[in-house]
Structures are given as C-alpha cells and as structure tokens.
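One structure is given here, and the rest of the page talks about it.
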Amino acid sequence: MANISLYVPKMSCASCVAKIETAFANASRNGQGDIAARVNLADKLVQVSGAISAEDAIQIIASVGYDSEAIIDARTAAEQKGIDERKEYRLRLIQASIGLGLGVPLMLWGLLGGEMMVSNVQQQQAWGGVGVITFLVMLFTGRHFYQGMWRAIKAKSANMDTLIALGTSAAWIYSMMVVIAPEWFPADTRHVYFEASVMILGLINLGHALELRARGKTSEAVQRLLGLQVTTAIRLTDDGDEEVKINLLQVGDRLRLRPGDRVALDGEVLTGETLINESMLTGEPIPVHKVVGDSISAGTVNGNGSLIYSVTASAKDTKLSKIIELVQQAQTSKMPIGRLTDKISAYFVPAVVVIAIISALIWYSLGPQPALSHALVVLTSVLIIACPCALGLATPMSIMVSVGRAAQMGVLVRNGEALQTASKVTTVVLDKTGTVTQGAPELTDILMLNNESAKNELLKNELLKNVASLEQHSEHPLASAIIAKAKNDGLQLVEPEQFTNHQGMGITGQVNGQQYSVGNLSLMQQLHIAEPTDCEQLSAELASQAKTPIFVAVDKQFVAILAIADPIKTDATEAISAMKAKGLKVIMLTGDNQITANAVAQKVGIETVFANVLPEQKQAKVLELQQAGEVVAMVGDGINDAPALVSADVGFAIGAGTEIAIESADFTLLSSRLMVINDSLSLAKASMTNIKQNLFGAFIYNSLGIPVAAGLLFPFTGMLLSPVVAGAAMALSSLTVVTNANRLRRVKL
C-alpha cells in the first residue's frame, strides 16, 4: 500500500477539492484498485493511499486540470513551499498594486463627474486606448485566473477561477464592444466598465496576498516540527569522528552528541549522562536525565553533558518523523461537518453560472433602462461575489490550526473527526495506574516493628540493603521500587547466597548469612511466620493511604513492613477539578483493588470508582456508559486499555507516546501530564466553535451576497451592487475565515 503526498499549487477552492477527490473515487471504481485521497486545501496537499504509483496519481490530478508534484522529502518540500509562497505573496502584491493603480484613477474619474459613456469618435479613441491598457493589465494581474478557467474547461468542469474570469472578461468585452461599435447599443447603455475589470482583479489579488500571509501561520506547527530535524550528525569510526548526512546513517551506527546539539536520530545511550530537553516533543518543560541504556529521541536538545549513543531508527522511522506524518495526515482529514461543504461546493460553481445568466436575462428583459448595462452589472456581480473561497476554507483552516496547536502542546490528533467528537464529550473515564498515578512505584516507608530499632537508621539501611540485594533477582514490578530506593540512598548491593521465587507471594533467600522472607501475608503464613498483633491494623492504614504493604522477616522473625506507593501525578487533582468545572463526569476504572482505588480517587476528587476490572470489563463499562447516552473519552496507556480505548467515542493514550499508542489512539499524549487532556477537550470545543463561525459566515455571505448582487434590493433602494464592491467582498470573506481560524493559535486553555 503506497502512501503518497502530492503538492498541487493551483488548487484554490472547495470545488477544486471536490473535483480531485471525485477523480480518485472514479479511478478506484474503474478498477484501478482501492485508492483513497485526502485533500488539504489550506496547505494545497493531497495525501493518496492505496495500490497506486506517484506517476498515476499525478496523472489522475492532471485529468481534472491541475499540475502536481510528488513530495519525496517533507523538510525539503516544506522549505520549497515556503519559498514558493513568499514569491507568490510578492507577485500578488505587485498584481494588486498594478490593478488598483489603474482601476482607482478610472473609478475616481467616473465618481468626480468624468464621462464614462461613448458618444463620439474622440471618446472612442480615448476609451479604446484605455481598453488596450486595461487588457494588458488584465493579462498580467489575472493570468492565473484565466489559465485556471482554461484548465477547468479542458477537464469539463468549473471552479472559482471560472467565476472570476467570466465576470471580468464580460465587463471588458462589453466595454470594448461599446468602444468599437457604439451604434450597436442604445445611447443610454454605451457605458464602459474597464475600471471594474482591473479593480476586481486588483482587490482579489490583494485579498489572496493577505490570505497567503495569514495562511502561512497555520502551518507553523508542522514547520516547527520539521525544523527539529537535523541534517547531519557526528559518527564515530575507526579513523575518528566524521560529519555525515543523516540519510546515510544506519541502525547501529555510533554517534556523538555534544553539549547543546540536537539529537539526530532515535537512539540508546552507550556512554555518558546528560539532561535532555524534550519539551518540543512532549510539552514537558523540565529536562530529563539520561544515562547509559536510556533512549533518546530525534529533535530533542542536549544540555551540558556529552553522550555517545547507538542509532535505533532510520531517519524516516524516528518518533519525530512519525509525529510529523501523523500531524500532516490529521490536517488533511475531514470532519463530518466539513463533508457537507464539499458536497455543496461540487455543485456550487455551475449553479452560480446558471443563476448569473438567468438574473442577467431577467434584467435585460424586464429591467429598467439602460437594461443591457444593468444586465451586465448583475451578471458580473453575481459571478464575482459567489466565489466559494471562504466556504472551502472554513473547515480545513480550523483543522490545520487546531491540529498544529495540539502538536505544540504535545498532543497528536489522529484525524479531524476525533476533534469533532471530542468537542461533545460528557464523561471522562480514567485508568488509575500511569494515568492518575505516575505508574512508577516508589518505596515511601520502612516501618520497623521493633520500636527500639525504629530509632536506629543503621538497622533500617542494613535491612533495605539486604532486601534490595535479594530483589535484584525478582521480576516483580515492586522490586524495582525497593532497588531504586537503595541505590538513591547510596547503598552498595551485594550478591545473595541463595534466592527462591514464590509465584504470587514473594521471595526468600540468604544474604550475609541471614535468611530473608519478603512478600505478602500469604507467604508469611506458608512459612509459618507469626504475625505481630498490630500487623493487620498497620496494613489497613497503609491500604487506606493507597500504599501496598510488603512484609519482611529475618530468620523467621517478623521485623518490618515496607510501604510502596504509586505517587499521584502532581497535576492530577487540578486537572480533574478543571474537568468537573466544565460539567464533565469523571470516572476511575482500574484493575487495582477497591481500597487502593478508593484512596487514590479520594485524593484527586473522583467520586465514581470501578475497581478489580479486567480489560474486557473496562470495555463493557465504556459500552454501558455509551448506552446510557454518554459521549465517552477513555484515557489509558494505549496497550492494556486497548479494548476500552477503541470502544470509547474518543480514546486518549497517555504516557511515553509509544508506536502502538500513536497508531491506535484518537489522541496520543506525548506528555504524561493529566492537564493536557483537559486542554485537549477545551481545544476541541474551541475548534468546533471556530468552524461553525467560519461556516456560518461563509454560508451567510453567499446566501445573502448572491441575491443582493442579482438586484434583489434594487426595487427598494434603487441601487445595484457594483462588481468592484462584489470583488472586494469576496476577497474579504476569505481573509476573514483565515484570520478567524488563526485565532485558535491564541485560544486560552
């Protein structure tokens, strides 16, 4: 299955999108294989997937009148696109200046009482010269519109360029006919509209220039991600260090990471230690300490330390590359609310041409004198004001900005539909371990059962050292907490003389000549070790604090209880409080025991808890909530919570951003902060509000603009909408949509 990205520079409106998508759908139906195309109008990209080559995809796009090129290297393509857009921006400004430079004086001439009618030979000669100059200006300022119309005609279709080209050409052709043969027209219809043609092109080009400038900001998130990718790295060889382009590096190569450098490729630390700033990927501001054996990610920034690391992924397989690809795919995705727009736009341009012609004929047949002039004004105004630019940009611009803003927060949005669904969430279901808690157990207490011993830190340290030495051979998750505590306290672990694992109960072994038994009460009972009288009370107290007790006996004598807890995330209480303030129901769903689950829930402010549930039971609970009418967001680690994540209306995979999570969840949180979930839901709601604003504005604009341009208000006001005003309004509507979408970049979360 190929996954091809194509850049289509001449794609400009919603009808262009509809034609390209229809072309691929037809190719798929006609036996060319299962092909799917997703179009990003805002970025002029087409993502094609299926059994198809880049050459065939380019040919399909060419069949509907558009040139395209395949994107091989995303970074190079983005840089080239930036250069192209800056060139286009400058060109549009020049075209706007020249168009308005001719149009404004001509319009002022008419407004200040100058003669705009042709009634003698001198006026024919003068306006004939203006007509020739106007024609040359139109060729320069409107060439791209006329070329677009010609491509559309060859493809037997119509687009925005068709409307602009027809409108401006109609005004110029009518005016030149008046100049060449004024006797063909009634005396009161010998009006010239040269200023309208160039003014319209000037205003639309100005609107496009401003739109290009505003639109460039919507791609900033992806541009910033692409900017994190370095082009070279320092490779260690037998002959010393050498600087190598990253596309020449292979998995297993050893690279040197100097202080302040960016990590070139994903890798594993071989020597050295340092602090790595991962905020550009995860949103976490605090640098992460990296030592031998730790993994590091491409694009992150080294602190003051120096490392040698081994490459574990090629340039196209790094986590950063996958993130960029996912963000770009999400930006080309569609929301259900946007599909209606595409369907309407596919028929919009032909319908407008018909409306414009019918309106002009009505004015010519039934309108007041000069009927021909009025008919021309109506025809041109309807064609120009109906251009569906704003309609086509309404949804994709908001998706682009939202997905980019989410990426900056360390949240990967899989598709636009997930964004729309997330805006409707009513219930948030949280897993406990790794979601509400940190998922990394810590040894919090050592309770010596001999009161005299409790005062003796030396005995505590000796006990911890020996238990940790024994736990080195255990695979139990809690063992790592005991070992980590011993190492953090600077204790030197030793090799036990004997070790035995008791499945599901604990371990026993000999350390420094003493027999240790470490585990739960079942182990103690099996070994016939008598419990102290206050053991049950201590265990209950620890459980109520969400701590797991581990019992320690030395030479068959109970000596201590080790308390291990999974610390609650620092922002958990604040995040859950913020969700509840939004009116969301928050539920905890965990496989842990009821007492521990209740203790954690009480600390963070969750009232509803379901404990002791297996993965399939988590899924059943999510389905039960949905049947009760709730829109459910499930938050888990993306692996053991997979059934519930898939069944939920929206799945949030929280944690390290593993490949499984990135591939499966609707939202993947590269950060472990719980507050990011709340921010994601806020962003989703703001995005939908923004899209509705854009669509409302675009629909209202076209719904009201066309009747006004057709002369609906003439009987009441005696005025017709000028084609120049129509052109300015059309350009302004697109700019308004783009500007409104960019507000999402600054929305408060």
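Values as computed for the structure displayed
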{"quantity": "Unmet criterion (only one of (1) open to solvent by less than 10 Å² (accessible area, probe 1.4 Å); (2) of a type in the set (A, V, I, L, M, F, W, C); (3) touching a residue at least 60 places away in the same chain (Cβ under 8 Å)) for I507", "calculated": "(3)"}
{"quantity": "Hits in the range 263-293 - residues which are of a type in the set (D, E, K, R) and either more than 20 Å from K322 (Cα to Cα) or modelled with pLDDT of 90 or more (or both)", "calculated": "D266, E268, E273, K290"}
{"quantity": "Only listed residue being touching a Lys or Arg at 6+ places or on another chain (Cβ under 7 Å), surrounded by fewer than 19 Cβ atoms within 10 Å (Cβ to Cβ) and at pLDDT below 90, chosen from I568, I564", "calculated": "I568"}
{"quantity": "Residue in the range 352-360 that is at pLDDT below 75 and crowded, with 17+ Cβ neighbours inside 10 Å present", "calculated": "no"}
{"quantity": "Residue match in the range 336-350 (condition: at pLDDT below 80, within 30 Å of V46 (Cα to Cα), of a type in the set (S, T, Y) and crowded, with 20+ Cβ neighbours inside 10 Å)", "calculated": "yes"}
{"quantity": "Hits in the range 653-664 (condition: open to solvent by less than 10 Å² (accessible area, probe 1.4 Å), hydrophobic (A, V, I, L, M, F, W, C) and modelled with pLDDT under 60)", "calculated": "A661, I662"}
{"quantity": "S474 being within 14 Å of I550 (Cβ to Cβ), assigned to a helix (DSSP H, G or I) and either at pLDDT below 85 or touching a strand residue (DSSP E or B) at 6+ places or on another chain (Cβ under 6 Å) (or both)", "calculated": "no"}
{"quantity": "Qualifying residue in the range 665-677 (condition: charged (D, E, K, R), open to solvent by 20 Å² or more (accessible area, probe 1.4 Å), outside any helix (DSSP H, G or I) and at pLDDT below 85)", "calculated": "yes"}
{"quantity": "Some residue of the range 276-294 being outside any loop (DSSP other than H, G, I, E, B), without any contact (Cβ under 8 Å) to a residue 40 or more places away in the chain and in contact with a Lys or Arg (Cβ under 8 Å, 6 or more places away or on another chain)", "calculated": "yes"}
{"quantity": "Subset tally (residues that are open to solvent by less than 10 Å² (accessible area, probe 1.4 Å) and at pLDDT 80 or above) for the range 193-221", "calculated": "6"}
{"quantity": "Count of the range 536-557 residues which are assigned to a helix (DSSP H, G or I), in contact with a helix residue (DSSP H, G or I) (Cβ under 6 Å, 6 or more places away or on another chain) and either free of Cβ contacts under 8 Å to residues at least 40 places away in the same chain or open to solvent by less than 60 Å² (accessible area, probe 1.4 Å) (or both)", "calculated": "1"}
{"quantity": "Some residue of the range 111-119 being within 53 Å of the chain's Cα centre (by Cα), surrounded by 22 or more Cβ atoms within 10 Å (Cβ to Cβ) and part of a helix (DSSP H, G or I)", "calculated": "no"}
{"quantity": "Cross-chain or 6+ apart pairs with Cβ under 8 Å, the range 704-717 first and at positive phi, then buried (at least 17 other Cβ atoms within 10 Å of the Cβ) and part of a helix (DSSP H, G or I)", "calculated": "G711/S359; G711/W363; G711/H374; G711/V378"}
{"quantity": "Tally of residues being modelled with pLDDT of 80 or more and either open to solvent by less than 40 Å² (accessible area, probe 1.4 Å) or β-branched (V, I, T) (or both) across the range 413-440", "calculated": "18"}
{"quantity": "Of all residues in the range 583-620 being charged (D, E, K, R) and within 15 Å of L430 (Cβ to Cβ), the one that is surrounded by the most Cβ atoms within 10 Å (Cβ to Cβ)", "calculated": "K618"}
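The values are calculated or read from the model by the stated rules, or taken from the named source; none is laboratory data. Values in this document were obtained by computation on a predicted structure and should not be read as measured data. In this analysis, Cβ positions are derived from the backbone assuming ideal geometry, glycine residues included, and neighbour counts consider all displayed protein chains. Please note that ligands, DNA and RNA were not included when accessible areas were found on the heavy atoms of the full protein model with its side chains. Shrake-Rupley method; radii C 1.70, N 1.55, O 1.52, S 1.80 Å.
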